[in-house]
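The values are calculated or read from the model by the stated rules, or taken from the named source; none is laboratory data. Just so we're clear, the structure is a prediction, and the values are computed from it rather than from any experiment. Because the Cβ atoms are built from the backbone with ideal geometry, glycine has one as well, and the counts that use them run over all protein chains shown. Keep in mind that these areas ignore ligands, DNA and RNA; they rest on the heavy atoms of the full protein, side chains included. Shrake-Rupley method; radii C 1.70, N 1.55, O 1.52, S 1.80 Å.
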Amino acid sequence: MTVLELSQKWHLASKLTLSNYLEICKIKVVLMLVLTAWIGIALAPDMQRGWLAQMMSLLGIGLLSASAAAVNHVVDREIDKKMARTRHRPIATSQLSIGSALIFAFIIAVIGCALLLIWSNLLCTLLTLGALVGYAVVYTLFLKRATPQNIVIGGLAGAMPPLLGWVSETGSLSAPPWLLVMIIFTWTPPHFWALAIARKNDYQRANIPMLPVTHGVAFTKLCIIAYSVLLAIVCMLPYLIGMSGWIYLLSAVVLNVLFVGKSINLYLHQCEQRAMALFRFSISYLLILFVALFIDKWWM
């Protein structure tokens, strides 16, 4: 084998390894979390911290979120093997070893903590670590396997980034960012239950007690409608307390009318495609809603 061939082989292996590490970080999910944390920073009182401190804080939150995702891949590896949606994940297919994944998760968690301690504050660091433990351990290891309310209870960890962004800026807790946490917390169950309906057979095969498996699809659809209505109500709170203006209000009304409408449409039709359509829309919904919050803040 020539030097050129060895070089090409090494380059390909390195590229594949990097791809595996990025995949266990759930980059798209982490980017969404970082975006909501950034909105938390944008809505917080201006503390004159500077953009570099803010970016380093967001990077720290992102790295700890990625670490939690990597641990999730390790803990769920046997479940992932049984589900069509996840059976090709790097750890499930042994493309990445458990030891390598855990070492990687530990390293990026330490870097994330260091960034938060240096560029943010101790309270933000502790809250972010708490969110990591809540998702990677409490939810993934226990709740996910124990109760059909797993995503309701465990959703709090994933709802924390706006609060983390706010606290990274101010160093203190206050009521406004908790409203943003409430929005994501209320959004999480209908978002995941829509996916669970579409992938019910997967969850059943993996013996995961998601709501459609334990209580049936019809009941889950009713719960989705109930939570989508509750979400519409919660979304009004930032406007009602003067945290946002008419741009956010208009966006929230339109988005929630669509969300409730799609939830009712899902209830009326027995179709996996409609469940996946609601799941995909819910991602765009949250992205647009938080961008509207930022635009509203900038406009005001």
- Note on the structure: Rounded to the angstrom and largest first, Cα extents along the principal axes for the chain equal 68, 53, 35
- Item | Among Trp178, Trp166, Trp187: highest mean-square fluctuation, GNM of the chain, C-alpha pairs under 10 Å | Trp178
- Note on the structure: Taking the alpha-carbon centre of each part, the distance from region 240-258 to region 46-107 in Å is 33 Å
- Item | Surface accessible to a 1.4 Å probe, per residue, for the residues of the chain, Å² | 48 Å²
- Message: I'd like the accessible area for Tyr203, computed on protein heavy atoms only with a 1.4 Å probe and all protein chains in place. Round to 10 Å², please.
- Response: 10 Å²
- Item | Around Ser284: net Lys/Arg minus Asp/Glu count, Cβ-Cβ under 14 Å | +3
- Task: Specify, per residue and in Å³, the volume enclosed by the convex hull of the alpha carbon atoms belonging to region 174-299.
- Result: 98 Å³
- In terms of the charge dipole of the chain, which places +1 on Lys and Arg and -1 on Asp and Glu at the beta carbon, the residue among Val167, Met47, Gln204 farthest towards the positive end is Gln204
- Å³ per residue enclosed by the Cα convex hull of region 18-152: 115 Å³
- Leaving ligands, DNA and RNA out of it, report the carbon-plus-sulfur percent of the accessible area of the chain at a 1.4 Å probe. 71 percent
- Message: Using a 1.4 Å probe on the protein heavy atoms only, what accessible surface does Arg89 show? Give it in Å² to the nearest 10.
- Response: 40 Å²
- Only Cα pairs under 8 Å and at least 6 apart count here; give the relative contact order of the chain as a rounded whole percent. 19 percent
- Task: Take region 134-221, drop everything but the C-alpha atoms, weight them equally and run the Debye formula without solvent; then report log10 I(q)/I(0) at 0.18 Å⁻¹ to two decimals.
- Result: -0.78
- Protection proxy ranking of 111-117, 81-87 - average other beta-carbon atoms within 10 Å, highest first: 111-117, 81-87
- Message: I'd like the Karplus ³J(HN,Hα) series for region 59-71: coefficients 6.51, -1.76, 1.60, θ = phi - 60°, whole numbers in Hz, and an x wherever there's a Gly or Pro.
- Response: 5, x, 4, x, 5, 5, 5, 5, 4, 4, 5, 5, 4
